[in-house]
Structures are given as C-alpha cells and as structure tokens.
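Remarks on the structure that follows.
The values are calculated or read from the model by the stated rules, or taken from the named source; none is laboratory data. The model shown is predicted, which means the values in this text are computed figures rather than measured ones. Note that each Cβ is placed from the backbone with ideal geometry, even for glycine, and that neighbours are counted across all protein chains shown. Only protein heavy atoms, including side chains, enter the accessible area calculation; ligands, DNA and RNA are left aside. Shrake-Rupley method; radii C 1.70, N 1.55, O 1.52, S 1.80 Å.
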Amino acid sequence: MKHIAWFSNTRLFSGITLALLAAVGLGGCGLPKAHEPTPSLSGTVVYRERMALPPNAELVVALYEKTAEGRNLYSEEHRPTEGAGIPLLFSVECPAEEAAGTTYELEASILSDGTTLFATPAPVAIRLNADDITLMTHRVMEQAPIPDGLTGIRWKLVELNGKPAEVYDNQPEPYLLFDPADGGRLSGSDGCNRLIGGYTLTGDRITFGRLGSTMMLCPKGDAQARALADALANATGVSRSGDRLELYGGKTRLAVFEARAL
C-alpha cells in the first residue's frame, strides 16, 4: 500500500510539473519579458573647461547603428545637468547583442536653450559590452547662425549615408553652395555633373526643390551622384557646428559636409 501511495503522489507531482512548464512555455523562456532588465550602455561625459553650466543645461547622449544601408539613431537619453557633478553620468538603451555587419557609435552634447555648448568632435565607435565609457566633449566656441551660416561657403561632401564620400580623378569634388537670393538658390556638383535648384530654410528645417543637372557622362561616381540626389530630396533638417554641416531626414543623418573657403 505504501508503494501504491508513493506512485500516486509521483503522478500528481508530474502533472503539476507539466502544468508549470506549459504555463511558462517550453524552450527555456524563463521569466516573462516584463521582468527582464533593459540592456544599456553607461558611462560619463566630461569637458576640460573649468566653467559652470547654466541651470537649464541638458545632456544628450545618442547611440547610432551603422550598417551598409546607412546610419540610424537607435536610442537617445536627455538628462538635466542642474545639481549634477562633473563628470556627468549617462545610460542609453542598447541592443542585447551586436548584430552582424553592424557597428555602433555614441555622440554626446550639452545644450542650453537650443544652443550647443559642448559636443563630441566626432562619433565615438563603441562595443556593446564596453565598460567605463568616457566621452570627451569640446566647447563649441561659435554656433554659426542659420541661414547666414550657410552662405559664402563651399560645402564639400565628406560623408554620405554613413560612408566616406569619394572624389574621383579628373572629376570635380561633390559640393554645395547656398545663396539666399530669390528665396534660396542652390548650386554645386554631385561629383560629375553641375547641380542647380532651390531650397527653403526655416530655423533648422530645410527642404530642397527639384534639382537640375548637366548631362555629362563620367567614368565613376554615378551611384554616389544618385545617392546625393536622394539625400537632398529626403532632407528635412540641417545642423551646423563650426566647419561641419549635417543634413538629416528625420533622425537619420543623410550627409555631412565640411566648410571650404570660396
């Protein structure tokens, strides 16, 4: 009789075990996703200048993904700096694992009333398992006004869809010239053909009208020329810091230009 009773209890225990497995799901799911911690990258942001930040200053740290298709914003943290000591702490969400063929970059800036006070001079390549991340920012001495900050400068294309721009032998370098006359006129080169068109600028919002170009045949650069035309067609925002001009489509950086004297 004791043997029979033990067998019955065993069957009851097995039934409970199977029910629990069915409840949580087979395949090692473990705890529900609501209890899983969100992966994040943490570290500090510093600047060398000995100066106090305005009371309304804000730290912005952004994580970008770079693939063959381009560069996209993955996550962004905005954190007030009032009452915080230097270095400033940050923590941005990140993927749980690094995707194949994808690299990751961090950018940091300190803003006040929409003006950039400090910024990383260039994106910082990072690994998702990195520890003790320190982002060094530099003071932005002069924030060029828009639209006046666009004119009188030859803007050479240096990056397109996250990749370095090419300049081919015996072909013009790709560049843009902005002229506020007649509501905004644009000229330049796509690296082969001359460009002409119009643009509309309101604050940091920009749109480009339909572009015209010459019809020359060049040995190289056709794909880059088409990509530049697409970037201009899809641009919605512009940002300038020093000698660097960036075009955005939403939150995606489409193109980067560097200032050259006329």
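The label-point distance for GLU98 and LYS163, in a model that sets each label 7 Å from Cα toward Cβ, rounds to 2.1 nm. Multiplying the residue separation of THR236 and ALA84 by 0.36 nm and subtracting their alpha-carbon distance yields 51.3 nm. A protection proxy built from the mean count of other Cβ atoms within 10 Å ranks the segments 195-207, 125-137, most packed first, as 195-207, 125-137.
Per residue, region 90-183 exposes 54 Å² of solvent-accessible protein surface, assessed with a 1.4 angstrom probe and all protein chains in place. Ligands, DNA and RNA left out, the 1.4 Å accessible surface of region 162-262 is 51% carbon and sulfur atoms.
On the beta carbon distance between GLU69 and THR200, with R0 = 25 Å, the FRET formula returns roughly 0.35. The SER187 and ASP131 beta-carbon pair, evaluated with R₀ = 45 Å, returns a calculated FRET efficiency of approximately 0.40. Note that region 118-262, at 10 °C in a medium of 1.306 mPa s, gets a Stokes-Einstein diffusion coefficient of 98 µm²/s from its Kirkwood radius over C-alpha pairs. Neighbours of LEU176 by Cβ distance under 10 Å: Lys/Arg scored +1, Asp/Glu scored -1, total +1.
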